[in-house]
Amino acid sequence: MILPIITYPNKLLKTLSREVSDFDGELHRFLDDMYETMLHSNGIGLAAIQVANPIRALVICLPDEEGNQPRENLLEIINPLILDPQGNTMYQEGCLSVPGFYEDVERFCTLTLRYHDRYGNECHLEATDLLSIAIQHEIDHLDGKLFIEKLSYNRRKKFEKEYKKMLKEKK
């Protein structure tokens, strides 16, 4: 089922998501719906809070060489914890909750991630490049933060002006 994605400036996006403790069928259906929603919206990642569920769960599926995002490439990340982040890189990010806006954001180059899968099993993952960036972006959502908050004061003010104008034009 395709879920509605909430967009900025919806205050729910500022919510600190809670840990997942029940790894049951309801969670599994929700993760399946998140994957469908992410694909339908042309995203590479989606945090639960973006579809109005304040739990510490996210999905990421990076495109393969042909641009496809098959289910076997899907990462379902629950209760994530970043360990050993290293290096810095700049990457132009976008967000399904801030549609139509892209900006360079500084992130860690590499990280180790501890998380649970849909069954509650503890997993570890070494992430680099785009995967590392996507993980950090989605975890920020779980912490009630948007990538636009990482912008300089001047760039953030410019964003606010441009975004308000864009929203007005859509009406």
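The values are calculated or read from the model by the stated rules, or taken from the named source; none is laboratory data. Computed from a predicted model, the values in this text were never measured in an experiment. A quick note on method: Cβ atoms are made from the backbone with ideal geometry, for glycine too, and the neighbour counts reach across all protein chains shown. Surface accessibility is based on the protein's heavy atoms, side chains included, excluding ligands, DNA and RNA. Shrake-Rupley method; radii C 1.70, N 1.55, O 1.52, S 1.80 Å.
Quick notes
- Going through [x] 140; [y] 108; [z] 121, the figure that equals volume of the Cα convex hull per residue in Å³ as computed for the structure here is [z].
- In this structure, the amide hydrogen of residue 144, modeled 1.01 Å from its nitrogen in the peptide plane, lies closer than 5 angstrom to those of 17, counting only residues at least 5 positions away or on a different chain.
- Protein-only accessible surface order, largest first, of 78, 6 at 1.4 Å: 6, 78
- For the range 20-160, the residue among 28, 60, 89 whose Cα projects farthest onto the positive side of the dipole built from Cβ charges is 89.
- Candidates 50, 86, 69, ranked by Gaussian network fluctuation over the chain, Cα under 10 Å, top entry: 86
- For a straight C-alpha distance cut-off of 16 angstrom, the aspartates and glutamates reachable from residue 11 (same-chain residues fewer than eight places away being disregarded) are 140, 143, 149, 160.
- Magnitude of the charge dipole for the chain, about its Cα centre and with charges confined to Cβ atoms of Lys, Arg (+1) and Asp, Glu (-1), is about 1360 debye.
- Estimated distance in nm for a label pair at residue 71 and residue 18, the labels positioned 7 Å out from Cα along Cα-to-Cβ: 3.0
- Assuming charge only on the beta carbon of Lys and Arg (+1) and of Asp and Glu (-1), the dipole of the range 1-50 about its Cα centre is about 380 debye to the nearest 20.
- With all protein chains kept in place, the per residue accessible area of the range 1-74 amounts to 53 square angstrom at a probe of 1.4 angstrom.
- Extension gain (nm, one decimal) between residue 109 and residue 40, 0.36 nm per residue minus Cα-Cα: 22.0 nm
- The range 65-133 shape via C-alpha gyration tensor axes, a/c threshold 1.5: oblate
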